[in-house]
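Encoded as structure tokens, the structure appears first; notes follow it.
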Amino acid sequence: MRLLIQLRWLAVLGQVITISLVHSGMDIALPMLPMMAVALALALTNLGYGWWLQWRPATVTPRVLFVALLIDVAALTLQLYWSGGAHNPFIYLFLLQVILGTVLLRPRYAWAMVAITAVSVVGLSFYYRPLPVVLGSGLPNLYTLGLLICFALTTVLMVVFITQVVSNLRQRDSRLADMRQRASEEEHIVRMGLLATGAAHELGTPLATMSVILGDWQRMPQVRGDADLMADLAEMQAQLLRCKAIVNGVLLSAGETRAAGLESTTLLRFLEQLVERWRSHHEPQKFFFTHQLERDVPILSDTALEQVICNVLDNAYEASPQEVHLHLERTGDMLELVVRDRGPGFDQAILAKLGKPYQSTKKGRPGRGVGLFLVVNVVRSLGGSVQAGNRVHGGAEVSIRLPLASITLENNHGHPTPTAAG
């Protein structure tokens, strides 16, 4: 649209100069009032398009471009009607409109432009205001001069326009290449970061257990009497604290997800095994796993998907060790996993920046706020979405919606028997 606006300003300037030159310099009487009125209307239209493009750039569609080109065709038709019709050598400027339509528009609009310009040319062959030029030796010379000027205008404008279009395409291709590279790197970082945070959660429990055992040893009378042994235990405790700090500081990790992480299973079996493994490392006072599935569905279990669910469960457990609830249901072709807890809930600031890194209420603990960020990005890469909110009667709720097609096995029409919820 910006290119069309620039070309239209050139068209307005060219029309004003040509009309004035022919009328005053060549002593050919032209209807100045209507022809200048057309040029003025074209200029005002261009100002309107410039203002509209500044405030609503996202609304430029192929139809809008088509209408803009139609305005140019209409203006050219009127100018030619008042200056000789098809006998005016500038009739060939219609080719410029067709070429612009071919470059900018979809095929149907381009062919419509061909039809409209053809109708305009045929109409100008029969309906026009003749030029007040006496037929003789002067007319062919003027006609030839007009053809040369028209040819020069068309070629120069096309070179300028096509060069700018090609430059825009090259810039777009360069941006797309950068975006693809960035997306590839971000996907790699997200998956590895998700696995790293999952490993950090898994290592947290055994490290905490070892720390408790060392504390018990340090309080034993037979150990407290041995200075050397106490020094060794203190050093072990310090190293354990260092390991816990390193684990808490792990945000991202390098490497690739194992191909063996993809396994053929069913949805309920996958979730029941995941819940069993998760409960073996966590001991909430109450844990509920419910579902509303009429039948089980075959899926491909992925390590990243498992870590997504475990990360949400871990966050719920940390906020509410007394109760965690995992619910699964299917709506059409979408699966929805909902994790609920009885904790303090989310701050409004966290909800407003859901999916952004380093957004967490757990202050002073490095690495926090990354888990939910990675969850959101992995779920988006699967075509799903994540929503979080606070429950009416207290606690938080995180909902993960995934398209069934992103995890199910294709061309599998079996109907496994549903299993009971744990």
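A short reminder: the numbers here are calculations on the coordinates, not readings from a lab. Here the structure is a predicted model, which means the values were calculated and not measured. All Cβ positions, even for glycine, are placed from backbone atoms using ideal geometry, and neighbour counts span all protein chains on display.
Summary of values
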| read-out | value |
| --- | --- |
| Per DSSP, loop chymotrypsin sites (Phe, Trp or Tyr not before Pro) in the stretch 28-129 with at most 14 further Cβ within 10 Å | TYR127 |
| Rounded to whole Hz, the Karplus (6.51, -1.76, 1.60) HN-Hα couplings of the stretch 312-323, x for glycine and proline | 5, 5, 4, 4, 5, 5, 5, 7, 8, x, 7, 7 |
| Label point at TRP52 placed 7 Å out along Cα→Cβ; residues across the stretch 2-29 whose backbone nitrogen lies under 19 Å | 2-12 |
| Calculated FRET value between THR59 and PHE126, using beta carbons and R₀ = 35 Å, to 0.05 | 0.35 |
| Length released on extending from VAL223 to SER280, taking residue separation times 0.36 nm less the Cα-Cα span | 17.4 nm |
| Additional length obtainable on full extension of the chain from VAL119 to ASP333, 0.36 nm per residue less Cα span | 72.0 nm |
| Shape category assigned to the stretch 278-326 from the gyration tensor of Cα positions, a/c cut at 1.5 | oblate |
| Zone of GLN292's modelled label, taken as backbone nitrogen in the stretch 315-357 under 13 Å from a point 7 Å along Cα→Cβ | 327-332, 335-338 |
| Nitroxide proxy distance, nm - points 7 Å out along Cα→Cβ at ARG401 and GLN322 | 3.2 nm |
| THR154 versus SER24: modelled label distance in nm, points set 7 Å from Cα along the beta carbon direction | 3.0 nm |
| ³J(HN,Hα), Karplus 6.51/-1.76/1.60, whole Hz, each residue of the stretch 293-310, x for Gly, Pro | 10, 6, 8, 6, 10, x, 9, 9, 7, 10, 4, 5, 5, 4, 5, 4, 5, 5 |
| Modelled FRET efficiency - R0 30 Å, TRP9 with LEU354, Cβ distances, 0.05 increments | 0.05 |
| Total formal charge among the other residues, if their Cβ is under 11 angstrom from that of ASP296, Lys/Arg +1 and Asp/Glu -1 | +1 |
| ³J(HN,Hα), Karplus 6.51/-1.76/1.60, whole Hz, each residue of the stretch 390-396, x for Gly, Pro | 9, 7, 5, 9, x, x, 10 |
| Potential lengthening between ALA86 and ALA234 on full extension [0.36 nm per residue; Cα-Cα distance subtracted] | 43.2 nm |
| Efficiency of FRET between ARG2 and CYS243 - r from beta-carbon atoms, R0 45 angstrom, step 0.05 | 0.15 |
